[in-house]
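*Asks:* Okay, here's the structure, questions in a sec.
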Amino acid sequence: MTRALLSVSDKSGLVPFAKNLVELGYELVSTGGTHRVLADAGLDVISIDEVTDFPEMLDGRVKTLHPRVHAGLLARRDLPEHMAKLAEFDITPIDMVVVNLYPFKSTIQKEGVTEAEAIENIDIGGPSMLRSAAKNFASVLPIVDPKDYDAVVNKLKSGEVNREYRKSLAAKVFQHTASYDALIANYLTETSFPENLTLPYEKFDDMRYGENPHQPAAAYKTALPETYSVLNADILHGKQLSYNNIRDADAALRIIAEYEETTVVTVKHMNPAGIGQGETLESAWDQAFAADDISIFGGIVALNREVDAVTAEKMHAIFLEIIIAPSFTAEAYEILAAKKNLRLLTLPFTTNISQKLEVTSVLGGVVVQERDLVGESEDNFTVVSKAQPTKEQLQAMIFAQKVVKHVKSNAIVVARNGQTLGIGAGQPNRIDSVVYSIQKAEKKPGFDEAVLASDAFFPMDDSVQYAAEHGIKAIVEPGGSIKDKDSIAKADELGVVLIFSGTRHFKH
């Protein structure tokens with residue numbers, strides 16, 4: 001008779017699966033709560049201590065860590081000496097292991113959980129059995145996921161449990177136990193940058209393709225999900241999110257989290273296209289649209305207030321990929337959902353993003369850093385020019401600084417308070433970004449109020465000179481160049497306000 005060992009914390013689908021195994025000729029062995037569930041269902045099931053001839057002990061910490069279990073799992077059926085050794089010690093081979101692990105993840109997600117509670121939910125025997133079974137997958141069928149129960153039964157009945165299928169289940173086991181251990185390691189680790197970095201992720205979705213149609217892709221979210229994430233948004237309407245959609249939407253969420261005020265952010269290719277604020281959502285939309293009414297075509301829109309009908313009508317008039325908001329009124333949803341492919345997402349907005357690691361792949365590895373969550377305040381500003389800023393200029397510079405940290409370097413933002421006017425992104429030199437952003441901005445209403453923000457210092461005074469000659473009256477940049485004195489002198493020569501923020505915001 002073939003033997004299956006079942007020990008699961010997640011009991012979903014357990015009894016029907018076990019009944020199928022009995023019908024297929026399996027003898028059942030089980031532990032603790034799993035044994036009780038199977039016995040209560042009327043199934044003949046052998047207790048694990050009958051197999052080990054040793055009682056469960058230490059409040060269940062030790063029950064399956066025994067040679068009679070692991071020899072039965074690890075013995076190679078194709079080696080006579082292994083089988084002879086089992087016979088010598090009267091050990092019955094185990095042909096299937098059905099195990100899922102103590103709920104460590106859900107435990108540490110509970111509010112107020114103690115470290116002691118978390119540690120008691122670290123499974124030891126379960127991973128050991130799974131790894132033994134997976135190592136010996138040629139002889140032992142390792143099952144870690146209740147979603148696989150039906151497929152296993154069907155393949156057993158049809159005789160399709162071949163080596164390839166066994167190997168796939170073994171791979172799934174090692175993926176699962178590796179992720180489980182990584183979650184534990186991260187919970188216990190108190191440094192941001194340990195010697196060995198293990199980051200558990202769970203598949204969110206298979207993508208149709210990546211950045212381009214010839215690139216296969218998938219999306220994964222962190223094992224402990226962040227609430228403020230496009231991967232945890234509610235998708236109310238529209239097509240599946242693409243790879244580029246997810247990255248663009250993520251950029252929009254990062255930007256709009258900078259603002260408490262009623263704000264609309266439009267994004268294209270992970271850069272802000274236009275940002276607007278207003279007393280109402282409609283006026284904020286008008287400002288964002290006017291900031292760049294060309295780039296918004298096919299873009300992403302994030303709003304930090306409930307979408308009303310009048311704003312929805314204006315957004316409906318142009319082609320957009322995604323709209324993200326805390327909610328939509330029923331009328332607004334009806335207006336926007338008339339577009340079959342427009343994705344409508346809801347997510348509770350916050351200005352309090354948690355400090356987590358940013359991981360970026362490079363050939364042969366990753367680089368890791370903490371998120372750029374430095375706030376912007378005039379308290380951090382140092383006026384280095386003779387000209388002094390007005391209150392309005394200071395407000396505009398704070399607004400622009402919050403934008404510039406989300407623009408690809410070299411980054412320049414021309415803005416007035418509550419509206420971007422021109423954005424220069426990703427140029428290989430700073431003066432080109434200055435020129436581009438001002439050319440975008442100078443013909444727009446409100447340019448006479450404009451300030452200019454830079455993500456990094458000016459390496460020479462040409463940026464200050466160009467900005468001043470084209471109507472910019474106030475500039476904020478981090479400072480820190482060996483030629484800062486040249487930029488200060490140029491600002492004084494041309495009567496421009498120059499402020500050093502002290503914080504660089506490169507974004508590569």
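The values are calculated or read from the model by the stated rules, or taken from the named source; none is laboratory data. Predicted model, so just to flag it, every value in this text is computed and none were measured. Virtual Cβ from ideal backbone geometry, glycine too; neighbours counted across all protein chains shown.
*Asks:* Scan the range 85-106 for residues that are in a loop (DSSP other than H, G, I, E, B) and of a type in the set (D, E, K, R) and jot them down. Break it down into steps so the answer makes sense when it comes.
*Replies:* Kept after step one, since they are in a loop (DSSP other than H, G, I, E, B), are these residues of the range 85-106: 89-95, 101-103.
If the condition is that a residue be in a loop (DSSP other than H, G, I, E, B) and of a type in the set (D, E, K, R), then 90, 95 are the ones that fit.
*Asks:* List the residue pairs whose Cβ atoms are under 6 Å apart, where the first residue sits in the range 384-395 and is of a type in the set (S, T, N, Q), the second is part of a loop (DSSP other than H, G, I, E, B) and surrounded by 13 or more Cβ atoms within 10 Å (Cβ to Cβ), and the two are 6 or more positions apart or on different chains.
*Replies:* Pairs that qualify, where the first residue is of a type in the set (S, T, N, Q) and the partner is part of a loop (DSSP other than H, G, I, E, B) and surrounded by 13 or more Cβ atoms within 10 Å (Cβ to Cβ), are 395/417.
*Asks:* Of all the residues that make up the range 96-125, how many are polar (S, T, N, Q) and in contact with a Leu (Cβ under 8 Å, 6 or more places away or on another chain)?
*Replies:* As a first pass, look at the range 96-125 and keep what is polar (S, T, N, Q): 100, 106-107, 109, 114, 121.
From what's left, in contact with a Leu (Cβ under 8 Å, 6 or more places away or on another chain): 109.
Residues meeting the conditions: 1.
*Asks:* Assess whether residue 401 counts as being buried (at least 24 other Cβ atoms within 10 Å of the Cβ) and either more than 23 Å from residue 287 (Cβ to Cβ) or within 30 Å of the chain's Cα centre (by Cα) (or both). Walk me through how you get there before you give the answer.
*Replies:* Numbers: buried (at least 24 other Cβ atoms within 10 Å of the Cβ): yes; either more than 23 Å from residue 287 (Cβ to Cβ) or within 30 Å of the chain's Cα centre (by Cα) (or both): yes.
When the stated conditions are applied, residue 401 passes them.
*Asks:* So, one more: Restricted to the range 305-325, and to residues that are touching a helix residue (DSSP H, G or I) at 6+ places or on another chain (Cβ under 7 Å) and in a strand (DSSP E or B), which residue is nearest to residue 230 (Cα to Cα)?
*Replies:* 324
*Asks:* While we're on this one: Residue check: is residue 68 in the same structural domain as residue 130 (by TED's automatic domain parsing), closer than 16 Å to residue 128 by Cβ, outside any loop (DSSP other than H, G, I, E, B) and out of contact with any Gly (no Cβ under 8 Å at 6 or more places or on another chain)? Please lay out each step first, then the result.
*Replies:* Values: in the same structural domain as residue 130 (by TED's automatic domain parsing): yes; closer than 16 Å to residue 128 by Cβ: yes; outside any loop (DSSP other than H, G, I, E, B): yes; out of contact with any Gly (no Cβ under 8 Å at 6 or more places or on another chain): yes.
In short, yes.
*Asks:* Filter the range 271-296 for residues that are among the β-branched types (Val, Ile, Thr) and in a loop (DSSP other than H, G, I, E, B); which is surrounded by the fewest Cβ atoms within 10 Å (Cβ to Cβ)? Can you show your working first?
*Replies:* Taking the range 271-296 and keeping what is among the β-branched types (Val, Ile, Thr), we get 275, 280, 294, 296.
Still in the list and also in a loop (DSSP other than H, G, I, E, B): 280, 294, 296.
Values: 280: 13, 294: 9, 296: 21.
Going through the qualifying residues, I end up with 294.
*Asks:* Can you tell me how many residues in the range 190-239 are surrounded by 14 or more Cβ atoms within 10 Å (Cβ to Cβ) and of a type in the set (Val, Ile, Thr)?
*Replies:* Qualifying residue count for the region: 4.
Residue-by-condition table, conditions (1) surrounded by fewer than 21 Cβ atoms within 10 Å (Cβ to Cβ); (2) among the charged types (D, E, K, R):
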{"residue": "247", "(1), (2)": "yes, yes"}
{"residue": "261", "(1), (2)": "yes, yes"}
{"residue": "266", "(1), (2)": "no, no"}
{"residue": "269", "(1), (2)": "yes, no"}
{"residue": "319", "(1), (2)": "yes, no"}
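*Asks:* I want to confirm something. Restricting to the range 183-205 and keeping residues that are of a type in the set (Phe, Trp, Tyr) and in contact with a strand residue (DSSP E or B) (Cβ under 7 Å, 6 or more places away or on another chain), which single residue is farthest from residue 105 (Cα to Cα)? First the steps, then the outcome.
*Replies:* Initially, the range 183-205 is screened for residues of a type in the set (Phe, Trp, Tyr), giving 187, 193, 201, 204.
Narrowing further to those that are in contact with a strand residue (DSSP E or B) (Cβ under 7 Å, 6 or more places away or on another chain): 193, 201, 204.
Working: 193: 21, 201: 12, 204: 17 Å.
This residue is 193.
*Asks:* Now for a separate question. Which numbered condition in (1) in contact with a Ser or Thr (Cβ under 6 Å, 6 or more places away or on another chain); (2) in contact (Cβ under 8 Å) with a residue 40 or more places away in the chain; (3) over 15 Å from residue 421 (Cα atoms) is the only one that residue 306 fails?
*Replies:* The failed condition is (2).
*Asks:* Out of the residues in the range 128-147 meeting the condition of being within 15 Å of residue 175 (Cα to Cα) and among the charged types (D, E, K, R), tell me which one is nearest to the chain's Cα centre (by Cα).
*Replies:* It comes out as 145.
*Asks:* Hey, could you check the range 340-383 for residues that are in contact (Cβ under 8 Å) with a residue 40 or more places away in the chain and among the charged types (D, E, K, R) and say which is nearest to residue 400 (Cα to Cα)?
*Replies:* The qualifying residue nearest to residue 400 (Cα to Cα) is 376.
*Asks:* Let me ask something additional. So which residues in the range 361-375 are assigned to a strand (DSSP E or B) and exposed (fewer than 11 other Cβ atoms within 10 Å of the Cβ)? Spell out the reasoning first.
*Replies:* Initially, the range 361-375 is screened for residues assigned to a strand (DSSP E or B), giving 361-362, 365-370.
Result: 361, 362, 365, 367.
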